[in-house]
1. List the distances, in nm to one decimal, from the label point of A:ARG126 to the label points of the same position in every other copy, shortest first, placing each label point 7 Å from Cα along the Cα-to-Cβ direction.
2. Would you work out the charge dipole size for chain A about its Cα centre, treating the Cβ of every Lys and Arg as +1 and the Cβ of every Asp and Glu as -1, and quote it to the nearest 20 debye?
3. Around B:ARG171, what is the net charge, scoring Lys/Arg as +1 and Asp/Glu as -1 over all other residues with Cβ under 14 Å from its Cβ?
4. Can you list the residues of segment A:375-395 with backbone N under 12 Å from a point 7 Å past the Cα of A:ASP360, pointing along Cα to Cβ?
5. Among the listed pairs A:LYS368/A:LYS442; B:LYS138/B:LYS291; B:LYS407/B:LYS442; A:LYS297/B:LYS353; A:LYS52/A:LYS442; B:LYS12/B:LYS389, which are separated by more than 24 Å between their Cα atoms?
6. Going by Cα centres, segment B:35-102 and segment A:270-302 are how many Å apart?
7. I'd like the antiparallel share, as a percent to the nearest 5, of DSSP beta bridges with both residues in segment A:347-442.
8. On a full-extension model of 0.36 nm per residue, what is the gain between A:GLU376 and A:LYS297, subtracting their alpha-carbon distance, rounded to one decimal in nm?
Protein chains: 2
Amino acid sequence: MRQSLYFLPTLKEVPTEAQTVSHRLMLRAGMVRQVAAGIYSWLPLGQRVLDKIADHVRAEQVKTGAMEIIMPTLQPAELWQESGRYDDYGKEMLRITDRHDRPLLYGPTAEEVVTDIVRNSIKSYRSLPLNLFQIHWKFRDEVRPRFGVMRGREFLMKDGYGFDLDEASARFTYQKMFVSYLRILRNLGLNPIPLRADTGPIGGDLSHEFIILAETGESQVYCHQNYTSRAIPDAVDYDDQDHIAQIVKDWTADYAAADDLHNPATCKVPDHELLTARGIEVGHIFYFGTKYSTPMKAAVSTESGGLTNLHMGSYGIGVSRLVGGIIEASHDDLGIIWPKSVAPFQIALINLKAGDSACDSAANLLYKQLTSSGIEVLLDDRDERAGVKLAEADLLGLPLRLVIGPKGVAAGTIEVVERANPSNKREIALSDALGFAVEWVKR
Amino acid sequence: MRQSLYFLPTLKEVPTEAQTVSHRLMLRAGMVRQVAAGIYSWLPLGQRVLDKIADHVRAEQVKTGAMEIIMPTLQPAELWQESGRYDDYGKEMLRITDRHDRPLLYGPTAEEVVTDIVRNSIKSYRSLPLNLFQIHWKFRDEVRPRFGVMRGREFLMKDGYGFDLDEASARFTYQKMFVSYLRILRNLGLNPIPLRADTGPIGGDLSHEFIILAETGESQVYCHQNYTSRAIPDAVDYDDQDHIAQIVKDWTADYAAADDLHNPATCKVPDHELLTARGIEVGHIFYFGTKYSTPMKAAVSTESGGLTNLHMGSYGIGVSRLVGGIIEASHDDLGIIWPKSVAPFQIALINLKAGDSACDSAANLLYKQLTSSGIEVLLDDRDERAGVKLAEADLLGLPLRLVIGPKGVAAGTIEVVERANPSNKREIALSDALGFAVEWVKR
């Protein structure tokens with residue numbers, strides 16, 4: 001993409017309304033704009049990141065056997081009356097009345113809708129297990145939306161729902177989701193820490209939240225330092241129950257709790273091995289048995305001929321929240337440092353002297369070659385001062401920067417610098433740039 | 001995808017609530033389920049089609065230089081008060097009040113939001129032209145939702161917005177969108193007909209709707225028969241103003257009007273060349289000048305130093321409606337006939353005798369080979385009668401069907417049939433099946 005044609009309204013001033021670093025950087029980098037309190041538009045750069053995160057989530061969920069669907073944002077109140085949550089759910093639920101005075105609501109979650117689909121569609125144990133997810137917009141009418149997209153009112157979430165014949169099968173589904181969440185967060189360049197969690201309004205008796213460490217996190221986390229270095233297998237066989245159970249066991253062996261569940265009396269971790277840090281919750285999984293299937297009469301016939309209520313769990317990842325979370329976990333004083341896997345473009349190709357014919361032809365040629373190789377490049381071809389371009393590249397945080405300038409072009413060289421290691425700046429031969437960049441992006 | 005594991009709740013009975021063939025077929029094929037009047041969930045098969053259509057729309061829009069964003073579904077009323085549409089828009093607008101008693105609405109369209117973004121982000125003519133689109137959910141509170149997803153209340157739409165310095169530039173943007181819409185609809189396997197249209201509540205003086213012919217269409221269309229065979233160039237250079245203008249000229253040279261604008265007095269088409277048919281509106285484009293930029297004060301500085309209001313257009317395609325529209329245009333008595341470009345899977349691979357070891361190994365091997373070649377295959381590996389499987393394959397309408405049965409496997413053959421040409425059924429060597437299928441899908 002040529003930056004001269006790209007809609008990328010960066011801001012030089014630090015927006016005063018933004019209290020957290022990710023909110024400030026997302027506004028400054030032209031990723032989002034607020035439309036109303038806690039409601040944002042995603043501009044092209046932000047939309048690309050959102051899309052990439054969603055793709056990672058989708059790819060790993062599909063590997064577990066989960067299938068993607070799309071449920072509506074607006075739901076009829078009657079389904080929530082059936083489950084008993086309509087009155088319980090407080091003012092965070094946005095309640096709506098349509099032109100025929102029928103009560104609707106903007107779904108904060110979709111247990112009721114998906115249970116309704118499943119109870120009407122499957123009748124037999126042979127159709128189980130079944131795992132359905134969507135990546136879709138939700139609304140929670142937070143009394144005080146803040147931290148930009150991290151605690152917005154309208155937000156993009158992956159919400160998945162597992163349906164199993166019995167508790168044993170449902171717990172295996174839960175464990176698959178546990179492992180899948182570790183994989184997803186690792187693929188996004190993050191170090192996840194799973195914490196045993198309260199189940200809250202979703203209900204049930206088994207729940208973990210997945211947090212990532214960041215100074216600005218809302219929760220205080222107490223965990224064994226092992227969590228920061230524990231391996232997540234690259235190749236996971238989601239059909240192998242023992243393999244999955246072992247990963248979960250490894251990842252829950254050590255102490256880990258957020259402030260609400262932390263208990264110094266039961267925490268046996270020696271002080272020098274205890275990590276105390278701030279964390280951001282980015283995922284939450286629940287097993288809640290028949291909490292919804294019982295009132296909603298979602299049952300299937302069993303092998304022996306009877307009827308049994310479905311065992312269910314629900315599995316959420318905050319996709320739009322992750323955009324902010326990743327920035328909170330990965331930035332410096334100059335701007336964002338995108339992990340390669342979610343960067344809106346892989347390469348910032350900067351033409352320091354747009355208008356200079358030698359610089360232009362070198363930049364244009366390399367741009368064409370890189371894009372033909374399937375690499376996403378943002379070419380800064382604008383008529384701006386070199387200092388402005390370099391500062392903006394720092395702000396945008398694309399992983400690899402290639403800088404073309406008049407001196408380098410005359411000498412047949414190009415400057416290469418990784419955003420994550422700015423001190424490792426070097427000149428390479430212009431003729432090697434394509435090969436170097438392709439190799440670097442693949443690595 | 002193995003059908004034994006796929007959530008595909010087909011219906012044998014014809015649902016009584018469905019009046020149109022696409023609605024019936026989408027329910028029967030397990031693509032959608034109604035959640036409330038005019039509000040649907042998209043099950044895995046339907047979600048795949050929706051995604052494919054969205055991808056085609058996105059790919060062709062990006063070629064024009066348009067950039068993807070995501071605006072929120074909920075919008076603050078104040079922006080619509082500013083444009084003057086808040087009171088004009090009737091009961092089709094779903095009005096909402098949040099917990100702080102602030103008026104919101106579920107966006108039926110997004111001229112106001114996008115104008116607000118642009119007026120706050122660009123200041124100079126040098127940032128123009130600018131074309132932003134989203135593929136996102138909208139809500140129109142239709143008094144009588146019907147025809148399934150064709151006239152639902154919550155629907156997926158691509159809505160794009162062009163911003164130009166002056167009318168000439170905006171008209172070129174309009175023409176690019178005109179050509180892009182022809183290309184998109186052709187890529188979806190459809191024959192679009194552009195009709196000069198009324199501008200309605202969007203406003204402006206120039207508008208075309210794009211319809212596709214289908215017996216169940218809501219509009220009566222009168223047009224020259226040339227429209228059914230007119231070529232759309234495969235390679236379009238969206239930067240070439242003359243080239244684009246010529247395509248628009250060719251495509252508007254002959255008479256074409258819907259019933260509301262049809263005038264037998266001005267229609268000079270001889271009777272034997274006049275096509276009178278039913279059509280479904282799937283796209284609508286508008287140029288409306290400064291209708292929104294004037295009240296909303298969206299202006300940029302000009303080259304000569306003054307300020308000028310932006311010239312705007314808006315460009316919509318009904319993505320979820322197209323799913324129904326394509327089925328209306330392409331089905332037979334047995335079921336759907338998917339065009340290759342939007343089919344949820346390219347190939348139905350049917351194992352007529354699941355459980356028979358020779359059939360199972362032939363089917364599994366071919367399934368693996370096809371999927372490794374990047375082809376989307378739905379393998380019917382269920383323990384069902386052959387007749388049930390073949391009837392369901394007709395219903396689902398995947399473009400190419402490969403049938404493995406005990407006799408064929410013994411003789412080393414496989415049956416091949418195209419869904420669109422069921423009479424052209426033939427046996428080919430099992431060993432040729434992979435090569436044949438790969439070739440057929442590419443073709």
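Nothing in this text is a laboratory measurement; each read-out follows from the coordinates by a stated rule. Because the structure is predicted, anything quoted here is derived from the model rather than measured. Glycine gets a Cβ as well: all are built from the backbone with ideal geometry, and neighbour counts include every protein chain shown.
1. 7.0
2. Working: 49 positive and 58 negative charges, 179 e Å.
Result for chain A is approximately 860 debye, rounded to the nearest 20.
3. Working: positive: B:LYS176, B:LYS249; negative: B:ASP164, B:ASP166, B:GLU167, B:ASP205, B:ASP242.
Its environment carries a net charge of -3.
4. What the label zone holds, given the 12 Å backbone N cut-off, is A:382-383.
5. B:LYS407/B:LYS442; A:LYS297/B:LYS353
6. 32
7. Working: 9 of 18 bridges.
Within segment A:347-442, antiparallel bridges account for around 50 percent of the total.
8. Values: separation 79, 0.36 × 79 = 28.44 nm, distance 4.96 nm.
That works out to 23.5 nm of additional length.
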